[in-house]
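Contents: one structure, followed by commentary.
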Amino acid sequence: MSLPIHHHSPRRTEPQQPLAGDLTLQRGRVHELCGPSRLMLAARIMAKCQGPVVWIRPGWMPERLNAAGLQPLADPARLILIHAPRDDSLLWAAEESLRSGAAALVIAELLAPPALTPTRRLHLAAETGAEAARRDGATAPLGLLLLPGQGGAQGVESRWHMAPAPSRALLWSDEESFTLTRLRARLLPPASWSLHTRPKGENLEPKPLPDP
């Protein structure tokens, strides 16, 4: 008697999303951005991708995202802004946006790290969205979770922290200086870079910083 043989195909590797220099993020997956400059980092990632962007924020917070303020970096007309009334509806909106495959970038601002199960659901939604995007000849979605402090969402593909750094110029300069740190990645060790940017969204080549 012959037994059926089941072949499990490996997960397809989606294209990489440029982050800074040769640093990239895996599309079709969910990553975390944390630290005081996480919104700036998200906006600069938006500037480096094409297509619609879904940005989901806590609707009960008094702060509002000024889409016009993105103009020096990226076209605010690409932005679909959602104000969610509750934490669970915020994650639901992110999950559905990723699953549709219609948006190249889905950004969800959270006030506290989600547990492992919601993160896994977001990964599965991103993988489903990647299949849908592939059928339509579009780019696989990229999911970003924005968290304060050191972040801490369980199960994310990678975690990046960005914070302002002292300027390297003694006089006034149009450059902005940041420290970008990879806190976690599945296949890469933690590392930090000195990142200098210009107002129009140009990233100068990041320079590795020595291990602390």
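The table below lists the values:
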quantity: Crossing angle, helix 38-47 versus the chain [Cα axis fit, 0-90 degrees, rounded to tens]; calculated: 70 degrees
quantity: Share, in percent, of DSSP beta bridges within the chain that are antiparallel, nearest 5; calculated: 50 percent
quantity: Sequence of 61, 46 when ordered by accessible area, the most exposed leading, probe 1.4 angstrom; calculated: 61, 46
quantity: Long-range amide H partners of residue 17 with built H, under 5 Å; calculated: 25, 26, 27
quantity: Identified option (computed Cα extents along the principal axes in Å; candidates (1) 64, 36, 34; (2) 80, 39, 33; (3) 44, 40, 33); calculated: (2)
quantity: Estimated 222 nm signal from helices in the chain, with DSSP H stretches of n ≥ 4 weighted -39500 (n - 2.57), rounded to 500; calculated: -7000 deg cm²/dmol
quantity: Crossing angle, helix 87-100 versus the chain [Cα axis fit, 0-90 degrees, rounded to tens]; calculated: 70 degrees
quantity: In range of the label at residue 100: residues from segment 43-78 whose backbone nitrogen is under 13 Å from the point 7 Å along Cα→Cβ; calculated: 52-56
quantity: Candidates 109, 96, 127, ranked by Gaussian network fluctuation over the chain, Cα under 10 Å, top entry; calculated: 96
quantity: Diffusion coefficient, µm² s⁻¹, Stokes-Einstein with Kirkwood Rh over alpha-carbon pairs of segment 33-136 at 10 °C and 1.306 mPa s; calculated: 111 µm²/s
quantity: Extension gain (nm, one decimal) between residue 77 and residue 177, 0.36 nm per residue minus Cα-Cα; calculated: 33.3 nm
quantity: Protection proxy ranking, peptides 98-108, 179-189, average beta carbon neighbours within 10 Å, highest first; calculated: 98-108, 179-189
quantity: FRET E, pair residue 187, residue 124, Förster distance 25 Å, beta-carbon r, rounded to 0.05; calculated: 0.80
quantity: Surface per residue (accessible, 1.4 Å probe) for the chain, Å²; calculated: 54 Å²
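The values are calculated or read from the model by the stated rules, or taken from the named source; none is laboratory data. Just so you know, these numbers come straight off a predicted model, no measurement behind them. Counting neighbours? That spans all protein chains shown, and the Cβs are built from the backbone with ideal geometry, glycine included. Heads up: the accessible areas ignore ligands, DNA and RNA and are worked out on the full protein's heavy atoms, side chains in. Shrake-Rupley method; radii C 1.70, N 1.55, O 1.52, S 1.80 Å.
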